[in-house]
1. Starting at the first residue of the stretch 21-29, write each ³J(HN,Hα) from the Karplus equation 6.51 cos²θ - 1.76 cosθ + 1.60 with θ = phi - 60°, in whole Hz, x for Gly and Pro.
2. As an exercise, use a Förster radius of 35 Å and the Cβ-Cβ distance of Asp29 and Arg115 to find the FRET efficiency, rounded to the nearest 0.05.
3. Amide H to amide H, which residues 5 or more places from Ile82 or on other chains are under 5 Å from it, using H placed in the peptide plane?
4. Looking at the stretch 1-140, what % of its DSSP beta bridges pair antiparallel, to the nearest 5?
5. What value, in deg cm²/dmol to 500, does the helix sum -39500 (n - 2.57) over DSSP H runs of n ≥ 4 give at 222 nm once divided by the residues of the chain?
6. How big is the C-alpha Rg of the chain next to the rule-of-thumb value 2.2 N^0.38 Å, as a ratio?
7. Which whole-angstrom value gives the distance between the alpha carbon centres of the stretch 22-61 and the stretch 63-106?
8. Out of residues 5 or more away from Gly118 or on other chains, whose amide H comes under 5 Å of its own, with H placed 1.01 Å from N in the peptide plane?
Amino acid sequence: MPEGLIQLGVIGRAHGVRGLVKVTSHTADPADLIAYGPLSDAKGQVYALRWVAEGVAEVSRIVDGAPVKVTDRAAAEKLTNIKLFIDRAALPPAGEDEYYLTDLFGLTVLDTTGRTIGSVAVVHDYGAGASLEIERPGAVPLLIPFTAACVPTVDLANGRLVLVEPDEVVVQPEPPSEETAPKNAEEAA
């Protein structure tokens, strides 16, 4: 990802023959993607979007400050998989106890005694809540849920967070079902 930019969406496949495209938005409300104004790709090309239906947009390239609308399917197909970015400074400040996931990358991870465990290498978020992948010197990475219980302190100003490692998960054996339970005292012995 280009330095200082945050990915807010990606252009998908062409939609119809008039230059429309499917767009995946990474904003909390997908419609808000266009509220940030023009977006750029990784090479600096600037785009303006206008929603025409849910997940479908009209795209214009900004050339010399003027919008040039994509008007045919062939041109729209060339935009497939273009990632759309915004400058990090254009985003509003995060709320209290809220973080932009990109701000967590590279933070030093400390345990509750102040001992360094490693650093945040990857932030995973598949929709059920974020998890942090902690790179540890000489050890396999540690994957932890990004919750207040496991990460009670995030100190962006000093580039660190505190980790309370969750207890080991112990899976209890399931009680025998009727099919596998002994039928009489002789089978149980």
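1. Listing the rounded values in order: 9, 7, 9, 9, 9, 9, 7, 3, 10 Hz.
2. My answer for the efficiency is 0.30.
3. Ile11
4. Roughly 100 percent of the beta bridges in the stretch 1-140 run antiparallel, per DSSP.
5. Rounded to the nearest 500, the figure is -1000 deg cm²/dmol.
6. For the chain, the normalised Cα radius of gyration comes out at 1.50.
7. So the separation of the two Cα centres works out to 7 Å.
8. Close amide H contacts, sequence-distant or interchain: Val109.
Here, each number is a calculation from the coordinates, and none is a lab measurement. Here the structure is a predicted model, which means the values were calculated and not measured. Virtual Cβ from ideal backbone geometry, glycine too; neighbours counted across all protein chains shown.
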